[in-house]
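Here's the structure, in structure tokens; my notes come after.
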Amino acid sequence: MTADLHKVSFLLVDDLEENLLSLEALLKREDLEILKARSGEEALELLLRHDVALALLDVQMPGMDGFELAEFLRGSERTRHIPIIFVTAGSADQQRRFRGYEAGAVDFIQKPIEADILRSKASIFFDLYQQRQQIASQRDKLAEVTQALRDADRRKDEFLAVLGHELRNPVAALGAGIHLLQKAQTPDRTAAICTQMDRQLFHLSRLVEDLLDIARISEGKISLQKQPIELATILQSAIEAAEPNLKTAGHTFSVALPDKPVWLEADHTRMAQVMANLLNNAAKYTPPGGSVSLTARQTDGHVQIDVADNGVGIPLEMQSQIFQIFAQVDEHREQSAGGLGIGLALVHQLVALHNGSIDVQSEGQGKGSTFTVRLPVGEGVPSSDL
Ligand code: ADP
């Protein structure tokens, strides 16, 4: 079936070639495709391949006449709504035979045809058809938007449930800490309790900071402190932040950077946050003793940074969603270590604010993942490096 929004098709059926040609000349317009059939059978064949906005049927034809053809159209789900104009030389009596036609869009035009009347009737059907097409495409778009909103709503519900859970743990631990502090009898005991409370507080403030960042970005309120900065400086900060997690998990960690300095126009803290997030995820979603690598190479006007691991991988169907807020792979919940599916959404938005892009490749569950960040190489190269 053709569903070209811009082209509308009319079907003309008449056994006489000269009639077809004069009707075609009369109705011709650029946005109209005219299909011509010399018999009912030929018309049915054309209708198998095309959607038509109007059928103009000659009533008197040898073999299947116009009315019989219309009966066929009425009998099929696909063609029963095609409006029909019968071209007739007969009396008004004949017209009654078609009162019951369901489309409600049956009209008659008497021979000899008056050009203006036919043109104006045809253009009404033309417009109606286009409006129907537009409504159908708007309906499809609306359905897509509705589905996306439903998904977002579901993710938000899941997020609230997880957030409640995640906040309860540190809050309970801090409460217990205060209680214990009141009873602590030695400075060592007090110090140990404070260290534990500190860890809980750190977790809590990370959650709150991430949430605030997301809110700032969606409100367009985040302000980046972009400056010319060397990629290696950013990666160094990121490595420092993620190294404890990589070490604790016993991963082998390798780094490969370009020989020459790569200058970016970037916010040091935010870009380091991006890269640290990817490295921390690699550490988190890789079973102990795995390997994680950080590789950067310069391509045409860009630098490509890969963070690869040989961990749990990401199922194919989740790869397109993974950068949406609150998206988490169900099977990974245990490894997420209190994560809420915010990190990658933040990473995605921060990279976009640096005019870059990020994507993920994974062969699937258990096959490791590679996150690739592409950033434009900056113009603010200090003169000493030129
Ligand atoms: P979380 O706080 O859950 O880690 P993120 O937004 O950082 O949130 O990541 C979203 C989801 O993407 C994670 O829950 C996890 O399922 C998946 N994911 C992220 N990084 C990796 C990785 N390196 N390997 C496998 N899965 C990953």
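Yes or no, residue by residue, for (1) in contact (Cβ under 8 Å) with a residue 24 or more places away in the chain; (2) part of a helix (DSSP H, G or I):
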| site | (1), (2) |
| --- | --- |
| L163 | yes, yes |
| N169 | yes, yes |
| Q185 | no, no |
| Q196 | no, yes |
| F202 | no, yes |
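Part of a strand (DSSP E or B) and in the same structural domain as I342 (by TED's automatic domain parsing): does that describe V255? Talk me through it step by step, then tell me what you get.
Details: part of a strand (DSSP E or B): yes; in the same structural domain as I342 (by TED's automatic domain parsing): yes.
It is true that V255 is part of a strand (DSSP E or B) and in the same structural domain as I342 (by TED's automatic domain parsing).
How many residues are acidic (D, E) and touching a residue at least 12 places away in the same chain (Cβ under 8 Å) if we restrict to region 282-333?
3
I'm trying to understand the selection: among the residues of region 260-278, which are touching a residue at least 40 places away in the same chain (Cβ under 8 Å) and outside any strand (DSSP E or B)?
Correct list: P261, V262, H268, T269, R270, M271, Q273, V274, M275, N277, L278.
If you check every pair at least six apart or on different chains, which have Cβ atoms under 7 Å apart with a residue in region 334-345 that is touching a residue at least 12 places away in the same chain (Cβ under 8 Å) and more than 17 Å from A215 (Cβ to Cβ) first and a residue that is part of a loop (DSSP other than H, G, I, E, B) and of a type outside the set (S, T, N, Q) second?
Q335/Y285; Q335/V312
For (1) among the aliphatic types (A, V, I, L, M); (2) touching a helix residue (DSSP H, G or I) at 6+ places or on another chain (Cβ under 6 Å), each residue gets a yes or a no:
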position	(1), (2)
R270	no, yes
S293	no, no
G301	no, no
G313	no, no
L316	yes, no
E331	no, no
E334	no, no
L340	yes, yes
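Please go through (1) touching a strand residue (DSSP E or B) at 6+ places or on another chain (Cβ under 6 Å); (2) surrounded by fewer than 20 Cβ atoms within 10 Å (Cβ to Cβ) for D309 and return the number of the only condition it doesn't satisfy.
Here D309 clears every test but (2).
Select from region 240-257 the residues that are in contact with a strand residue (DSSP E or B) (Cβ under 7 Å, 6 or more places away or on another chain) and hydrophobic (A, V, I, L, M, F, W, C) and write down the one among them that is surrounded by the most Cβ atoms within 10 Å (Cβ to Cβ).
Applying the filter and picking the extreme gives L246.
The values are calculated or read from the model by the stated rules, or taken from the named source; none is laboratory data. Computed from a prediction, not measured in an experiment: that's the story for all the values here. For neighbour counting, all protein chains shown are included, and Cβ atoms are generated from backbone atoms with ideal geometry for every residue, glycine included.
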